[in-house]
Structures are given as structure tokens and as C-alpha cells.
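The values are calculated or read from the model by the stated rules, or taken from the named source; none is laboratory data. Treat the numbers as computed from the prediction; the structure is a model and nothing was measured. Backbone-built Cβ (ideal geometry, glycine too); neighbour counts: all protein chains shown. Surface areas here come from the heavy atoms of the whole protein model, side chains and all, with no ligands, DNA or RNA. Shrake-Rupley method; radii C 1.70, N 1.55, O 1.52, S 1.80 Å.
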Amino acid sequence: MIQAASLLAAEEGQNPLIPHTYELVVGGFAFFVVLFVVGRILTPRIQKTLAERTDAIEGGIKRAEDAQAEAQALLKQYKDQLAEARHEASRLREEAREQGAQIKAELREEAQAEARRLIEAAHLQIEADRQQAFAQLRAELGRLSIDLAGRIVGESLEDEARQRRTVDRFLEELESSSSSAAVR
């Protein structure tokens with residue numbers, strides 16, 4: 001078979017691997033048209049599209065970086081505000097504790113002052129009641145001692161000036177005897 005092909009080629013006189021001249025001219029013309037169309041029309045459009053895509057990708061990356069930087073700034077601002085709010089809350093709690101302690105101390109002082117006032121008033125009332133009871137007891141004791149002295153003496157001690165002198169003398173003797181007994 002190879003021999004048959006080589007015989008056929010030898011008869012024609014041409015080499016089958018070499019193209020005909022008209023094919024080379026049409027092929028070259030078509031090649032230059034395609035090269036012109038691709039080089040002058042399609043390549044700039046492809047370059048433009050690639051540039052737009054590159055800009056879009058780089059712009060997207062830049063926007064993403066900007067958004068991330070802004071998010072980081074907002075996060076830092078949020079953390080700062082949160083720390084400040086915590087600090088403020090801590091300060092307010094401390095002030096409330098201090099005010100509570102101060103109010104508690106003031107109420108304690110007021111209660112103690114009121115208690116002292118009530119105790120003093122009670123002491124004054126007790127002293128006044130004691131003085132009144134002592135005066136009533138003295139008057140009753142004087143009346144009884146006048147009655148007793150009148151019975152012992154056998155005469156009437158109805159004279160008021162005499163009664164007072166007798167009662168005063170009796171009470172002085174009674175007080176002096178009680179104070180001398182207290183000294184022993």
C-alpha cells in the first residue's frame with residue numbers, strides 16, 4: 001500500500017506534503033484577517049474586560065479591607081464604650097454604697113440622738129415625779145407626825161407655823177440620821 005501511494009504521487013509529480021500555491025495565498029489572507037480581527041478588535045475588548053474584572057476584584061478586595069477596618073474600628077469603639085459603661089456602673093455602685101453608708105450613719109446618729117433625748121426626758125420626768133412624790137410624802141409625813149406629836153404631847157398642834165417648824169425639825173433629824181447611817 002505504501003508502494004501504491006508512492007507510485008500515485010510519482011505520477012502526479014508533486015509532493016503531497018507541499019500545499020498548492022492558491023491554498024497558501026487563501027490561507028495566508030485568512031490568517032492575516034483573523035490576526036487583524038483578533039489583534040485590533042478582540043484583544044482591546046478582552047484587555048478592557050480583564051481590566052474591568054481586575055478593577056472589580058481589586059475594588060472588592062479594597063472595599064472588603066475597608067469594611068473590615070471599619071468593623072475593627074467599630075468593635076474597638078464598642079469595647080471602649082462597654083469598658084466605660086462598666087467603669088461608670090462601678091462608680092455609680094460605689095457612690096450608692098457610700099451614700100447608703102452615709103444615710104445609715106445619719107439614721108444611726110439620729111436614732112441615738114432621739115434615744116438620748118427620750119432618756120433625758122424620761123430622767124427629767126422621773127426626777128419631777130420623784131420630787132412630787134417626795135413633796136407629797138413629806139406633806140403626808142408632816143401631817144402624820146403632827147397628829148402623832150399632838151397625841152403624844154396631848155395638846156393640839158393646829159397652828160400652821162408651829163406645824164411647819166415641827167415638821168421641818170423632824171425631817172432634818174430624819175435626814176441627818178439617814179445620812180449618818182449611810183456614812184457608816
| residue 102 to residue 164: extension gain in nm, 0.36 nm per residue of separation minus the Cα-Cα distance? | 16.2 nm
| said: Quick one: the Cα spread of the range 61-117 along its three principal axes, in angstroms, biggest first? | reply: 82, 7, 5
| query | When ligands, DNA and RNA are left out and all protein chains stay put, how many square angstrom of accessible area per residue does the range 1-135 have with a 1.4 Å probe? | reply | 91 Å²
| message | Can you tell me the length gained on complete extension of the stretch residue 148 to residue 120, counting 0.36 nm per residue apart and subtracting the Cα distance? | response | 6.0 nm
| remark: For residue 136 and residue 70, extending 7 Å from Cα along the Cα-Cβ vector and measuring point to point gives, in nm, a value of 9.4 nm
| said: Taking all protein chains in place and a 1.4 Å probe, what share, in percent, of the accessible surface of the range 69-127 do carbon and sulfur account for? | reply: 58 percent
| said: Full-extension gain between residue 38 and residue 61, please, as 0.36 nm times their residue separation minus the C-alpha to C-alpha distance. | reply: 5.1 nm
